[in-house]
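Some notes on the structure that comes next.
The values are calculated or read from the model by the stated rules, or taken from the named source; none is laboratory data. No experiment lies behind these values; they were computed from the predicted model shown. As a convention, Cβ positions derive from the backbone with ideal geometry for all residues, glycine included, and neighbour counts pool all protein chains shown.
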Ligand SMILES: Nc1ncnc2c1ncn2[C@@H]1O[C@H](COP(=O)(O)OP(=O)(O)O)[C@@H](O)[C@H]1O
Ligand SMILES: [Mg+2]
């Protein structure tokens, strides 16, 4: 994925971080985790307490069995006193049932906790990415932002749902078991502790190896996804240039790489699991052997030996789950790192701290000594000044890359100038209240996006409380009513349903209606008629006269015919205005515009 690096640390999904960067990223993740956990502190404590108590109940079993065999049962055999035995059995049942019920409760508490955290995080990611400025969205590819909301959230959920439970309860259970074993028979406890050394080595080997394999698998799986998404997004170009066969081969290679790396990870488990079993068996055998010798000597009773063996077995049983968890832990930390990166990204175009209200804008736009570049090393608009009086219709022409759209984006405050200021009615756009800014300045671009919903909903975007009559009037004003009436359900047609699909030109007419309904003081059209055919454009031009009356307008047009309705024409070149006059004057002169216009006239005949 190639993107420009204008964003901060989250700008790239890299793996070659310096030590300081890694530390900052870890801190960032922890901060996020902290902020997620704080609101659910109480539930977290409850879950912890329930877990500790239930674990205590669960580890009581073998000790009770030992007592039963060594003390209660002899009483029944020798004195026909069944009372102790019944007592032990009853106690065993009670602890078993209590432990089980508590675990059931714990599962519910933990699930509620997880879901609360997930809900919070999911909403935060959406709200935050939506709030981020255009600069972020232009550099952070949509594929990456989608994985933040989908696969990253999934790995975090997996960790919280399963992995973390396994680890915490596994460690707790192991710890309690070891303590009980030391209490029941300390010598077996020592054997288990000594066998802990090969166990630790084995776990460490598995952890480091799986980390390597896991990282590889993540890189390869990302490649598989990117290849797939890229091919499908560019499917028209793929088909037009017959790239299918090459794609098939390339995708096949990536997919088999992915299989290979998955095989390696499975092989790793194939070594780890038998290793774990071997360590467990040896430990049990040693405990049994040493315990057996002591039973023969009369140093310990049979019940104690049985309890010791049971404890050793129980100690090993959750370890496999813990190992499984290590992988989900890794993917979750990676996900948390990336998500926290997005969440800590600040909007480059921040809302004003002390917003200035502008209840009725007149539409006087000024650029005061503005300089602007998308990155520090390349200035697009050097020292730019421009005054557009309220109500003027300005046509902006110039070659591709001259900076016309950039100028439009500055007026709409999608970006802020690096130096100087852009003002509306004398108010710096940076201090203008966002609601006033959005109401006063509307930009219509080539890319007329329709959201799911009806045609009427889409027009009403410009004024959410508009009545049906107002919507119709707006459509009529821009000449969109004719085609809308012909749609299967007219204004109520769903734009995503079959039959509701509209052409690029029709989409533009809808977005004009949207702008008309919004009724802004300043209207910017950035090549907004590019997808229209000549008759529709003629029609739009009539409509434009109505649309532009009484408001400031900046029209960036690639067809020079549009220029006719302008009061003033600006010719732009390399971020500067090189000609600025009334259209008649420019056409009559001998400058750049006159030549362009002459060439255009010729192309028409
Ligand atoms: N998002 C962006 N990031 C970096 N550079 C950009 C971006 N958008 C435009 N540019 C650069 O700014 C210059 C002016 O672009 P633009 O204003 O879109 O030109 P025009 O609309 O006149 O064709 C171009 O050289 C282009 O490469
Ligand atoms: Mg442009």
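In the set 448, 402, which member is crowded, with 18+ Cβ neighbours inside 10 Å and within 32 Å of the chain's Cα centre (by Cα)? Reasoning before the result, please.
Numbers: 402 fails: within 32 Å of the chain's Cα centre (by Cα).
On inspection, the qualifying residue turns out to be 448.
Filter the stretch 188-228 down to the residues that are more than 30 Å from residue 267 (Cβ to Cβ) and crowded, with 16+ Cβ neighbours inside 10 Å and list them by number.
Of the stretch 188-228, the ones more than 30 Å from residue 267 (Cβ to Cβ) are 188-191, 193.
Selection gives 188, 189, 191.
Taking only the stretch 522-549 into account, find how many residues are more than 16 Å from ligand 2 (Cβ to nearest atom) and either part of a loop (DSSP other than H, G, I, E, B) or surrounded by 15 or more Cβ atoms within 10 Å (Cβ to Cβ) (or both). If you could, list the steps in order and put the result at the bottom.
Kept after step one, since they are more than 16 Å from ligand 2 (Cβ to nearest atom), are these residues of the stretch 522-549: 522-523, 532-549.
Subset that is either part of a loop (DSSP other than H, G, I, E, B) or surrounded by 15 or more Cβ atoms within 10 Å (Cβ to Cβ) (or both): 522-523, 532-533, 536-537, 539-541, 543-544, 547-549.
Residues in the stretch 522-549 being more than 16 Å from ligand 2 (Cβ to nearest atom) and either part of a loop (DSSP other than H, G, I, E, B) or surrounded by 15 or more Cβ atoms within 10 Å (Cβ to Cβ) (or both): 14 in total.
In this structure, is residue 356 away from ligand 2 (no atom under 16 Å from the Cβ) and touching a strand residue (DSSP E or B) at 6+ places or on another chain (Cβ under 8 Å)? First the steps, then the outcome.
Details: away from ligand 2 (no atom under 16 Å from the Cβ): yes; touching a strand residue (DSSP E or B) at 6+ places or on another chain (Cβ under 8 Å): yes.
So residue 356 fits the description; yes.
Do we find that residue 396 is within 13 Å of ligand 1 (Cβ to nearest atom), over 31 Å from the mean Cα position of the chain (by Cα) and either assigned to a strand (DSSP E or B) or at pLDDT 95 or above (or both) in this structure?
yes
Is one or more of the residues making up the stretch 422-443 assigned to a helix (DSSP H, G or I), within 10 Å of ligand 1 (Cβ to nearest atom) and within 30 Å of the chain's Cα centre (by Cα)?
So in the stretch 422-443, the residues assigned to a helix (DSSP H, G or I) come out as 434-440.
In the following step, the residues that additionally are within 10 Å of ligand 1 (Cβ to nearest atom) were identified as none.
There is no residue in the stretch 422-443 that is assigned to a helix (DSSP H, G or I), within 10 Å of ligand 1 (Cβ to nearest atom) and within 30 Å of the chain's Cα centre (by Cα).
Within the stretch 281-308, how many residues are free of Cβ contacts under 8 Å to residues at least 40 places away in the same chain and surrounded by fewer than 19 Cβ atoms within 10 Å (Cβ to Cβ)? Spell out the reasoning first.
So the first thing to find is which residues in the stretch 281-308 are free of Cβ contacts under 8 Å to residues at least 40 places away in the same chain, and the list is 281, 284-285, 288-289, 292-293, 295-299.
Those left that are additionally surrounded by fewer than 19 Cβ atoms within 10 Å (Cβ to Cβ): 281, 285, 288-289, 292-293, 295-299.
The total comes to 11.
Per-residue answers, yes or no, for (1) touching a residue at least 60 places away in the same chain (Cβ under 8 Å); (2) outside the structural domain of residue 60 (by TED's automatic domain parsing):
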residue: 171; (1), (2): yes, no
residue: 175; (1), (2): no, no
residue: 193; (1), (2): no, yes
residue: 200; (1), (2): no, yes
residue: 212; (1), (2): no, yes
residue: 218; (1), (2): yes, yes
residue: 226; (1), (2): yes, yes
residue: 229; (1), (2): yes, yes
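For (1) within 16 Å of ligand 2 (Cβ to nearest atom); (2) closer than 27 Å to residue 562 by Cβ, each residue gets a yes or a no:
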| site | (1), (2) |
| --- | --- |
| 317 | no, no |
| 321 | no, no |
| 343 | no, no |
| 367 | no, yes |
| 377 | no, no |
| 390 | no, yes |
| 393 | no, yes |
| 398 | yes, yes |
| 401 | yes, yes |
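I'd like to check something: does the stretch 268-277 contain any residue that is out of contact with any helix residue (DSSP H, G or I) (no Cβ under 9 Å at 6 or more places or on another chain), within 30 Å of residue 201 (Cβ to Cβ) and surrounded by fewer than 13 Cβ atoms within 10 Å (Cβ to Cβ)? Full working, then the answer.
Let us first name the residues in the stretch 268-277 that are out of contact with any helix residue (DSSP H, G or I) (no Cβ under 9 Å at 6 or more places or on another chain), namely 270, 274.
Remaining after also requiring within 30 Å of residue 201 (Cβ to Cβ): 270, 274.
With the extra rule that they be surrounded by fewer than 13 Cβ atoms within 10 Å (Cβ to Cβ), the set shrinks to 270, 274.
There is at least one residue in the stretch 268-277 that is out of contact with any helix residue (DSSP H, G or I) (no Cβ under 9 Å at 6 or more places or on another chain), within 30 Å of residue 201 (Cβ to Cβ) and surrounded by fewer than 13 Cβ atoms within 10 Å (Cβ to Cβ).
Residues checked against (1) buried (at least 17 other Cβ atoms within 10 Å of the Cβ); (2) at pLDDT 85 or above:
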{"site": "143", "(1), (2)": "no, no"}
{"site": "168", "(1), (2)": "yes, no"}
{"site": "179", "(1), (2)": "no, yes"}
{"site": "184", "(1), (2)": "yes, yes"}
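Only residues that are more than 8 Å from ligand 1 (Cβ to nearest atom) and part of a loop (DSSP other than H, G, I, E, B): list them for the stretch 374-393, please. Break it down stepwise before answering.
Here is the first cut: in the stretch 374-393, the residues more than 8 Å from ligand 1 (Cβ to nearest atom) are 376-377, 379, 381-393.
Within the stretch 374-393, 376, 377, 379, 389, 390, 391, 392 qualify.
Confirm whether residue 362 is within 30 Å of residue 541 (Cβ to Cβ), assigned to a loop (DSSP other than H, G, I, E, B) and away from ligand 1 (no atom under 16 Å from the Cβ). Walk me through how you get there before you give the answer.
Values: within 30 Å of residue 541 (Cβ to Cβ): yes; assigned to a loop (DSSP other than H, G, I, E, B): yes; away from ligand 1 (no atom under 16 Å from the Cβ): yes.
Answer is yes for this residue.
Would you point out which residue out of 91, 51, 64 is surrounded by 17 or more Cβ atoms within 10 Å (Cβ to Cβ) and without any contact (Cβ under 8 Å) to a residue 60 or more places away in the chain?
Details: 91 fails: surrounded by 17 or more Cβ atoms within 10 Å (Cβ to Cβ); 51 fails: without any contact (Cβ under 8 Å) to a residue 60 or more places away in the chain.
None of the other options fit; the residue is 64.
If you check 492, 473, which single one turns out to be surrounded by fewer than 16 Cβ atoms within 10 Å (Cβ to Cβ), more than 25 Å from residue 436 (Cα to Cα) and either assigned by TED's automatic domain parsing to the domain that holds residue 563 or within 16 Å of ligand 2 (Cβ to nearest atom) (or both)? Break it down stepwise before answering.
On the way: 473 fails: more than 25 Å from residue 436 (Cα to Cα).
After ruling out the rest, the residue left standing is 492.
Search the stretch 568-591 for residues being in contact (Cβ under 8 Å) with a residue 12 or more places away in the chain and over 46 Å from the mean Cα position of the chain (by Cα), and hand back the single one that is farthest from ligand 2 (Cβ to nearest atom).
Residues of the stretch 568-591 that are in contact (Cβ under 8 Å) with a residue 12 or more places away in the chain, as a first pass: 568-583, 586, 591.
Among the residues that remain, those that are also over 46 Å from the mean Cα position of the chain (by Cα) are: 581-583, 586, 591.
On the way: 581: 22, 582: 24, 583: 20, 586: 21, 591: 22 Å.
Checking each candidate, the answer is 582.
The conditions are (1) within 16 Å of ligand 2 (Cβ to nearest atom); (2) assigned to a loop (DSSP other than H, G, I, E, B), and residue 407 fails exactly one of them. Which is it?
Going through the list (1) within 16 Å of ligand 2 (Cβ to nearest atom); (2) assigned to a loop (DSSP other than H, G, I, E, B), residue 407 breaks only (2).
Looking only at helices (runs of 4 or more DSSP H) that fall completely inside the stretch 131-174, which ones have 3 or more residues that are touching a strand residue (DSSP E or B) at 6+ places or on another chain (Cβ under 6 Å) and under 30 Å from residue 106 (Cα atoms)? Even if it seems obvious, please write down each step before you answer.
Details: elements: 134-139, 142-147, 153-158.
Because the criterion is at least 3 residues that are touching a strand residue (DSSP E or B) at 6+ places or on another chain (Cβ under 6 Å) and under 30 Å from residue 106 (Cα atoms), no helices (runs of 4 or more DSSP H) in the stretch 131-174 meet it.
Of the residues in the stretch 550-562, how many are modelled with pLDDT of 80 or more, over 16 Å from residue 405 (Cα atoms) and not in a strand (DSSP E or B)?
The initial filter retains those residues of the stretch 550-562 that are modelled with pLDDT of 80 or more, namely 550-557.
Next, only the ones that are over 16 Å from residue 405 (Cα atoms) stay: 550-552.
The next check asks that each one be not in a strand (DSSP E or B); those that pass are 550-551.
Within the stretch 550-562, residues that are modelled with pLDDT of 80 or more, over 16 Å from residue 405 (Cα atoms) and not in a strand (DSSP E or B) number 2.
Check 313, 294, 366, 362 and return the single one that is modelled with pLDDT of 90 or more and in contact with a strand residue (DSSP E or B) (Cβ under 6 Å, 6 or more places away or on another chain).
Working: 313 fails: in contact with a strand residue (DSSP E or B) (Cβ under 6 Å, 6 or more places away or on another chain); 294 fails: in contact with a strand residue (DSSP E or B) (Cβ under 6 Å, 6 or more places away or on another chain); 362 fails: in contact with a strand residue (DSSP E or B) (Cβ under 6 Å, 6 or more places away or on another chain).
Matching residue, one of 313, 294, 366, 362: 366.
Tell me, which residue of the stretch 550-559 that is out of contact with any helix residue (DSSP H, G or I) (no Cβ under 9 Å at 6 or more places or on another chain) and under 14 Å from residue 393 (Cβ atoms) is surrounded by the most Cβ atoms within 10 Å (Cβ to Cβ)?
Residues of the stretch 550-559 out of contact with any helix residue (DSSP H, G or I) (no Cβ under 9 Å at 6 or more places or on another chain): 550-552, 558.
If we keep only those that are under 14 Å from residue 393 (Cβ atoms) too, we end up with 550-552.
Numbers: 550: 10, 551: 20, 552: 26.
Applying the filter and picking the extreme gives 552.
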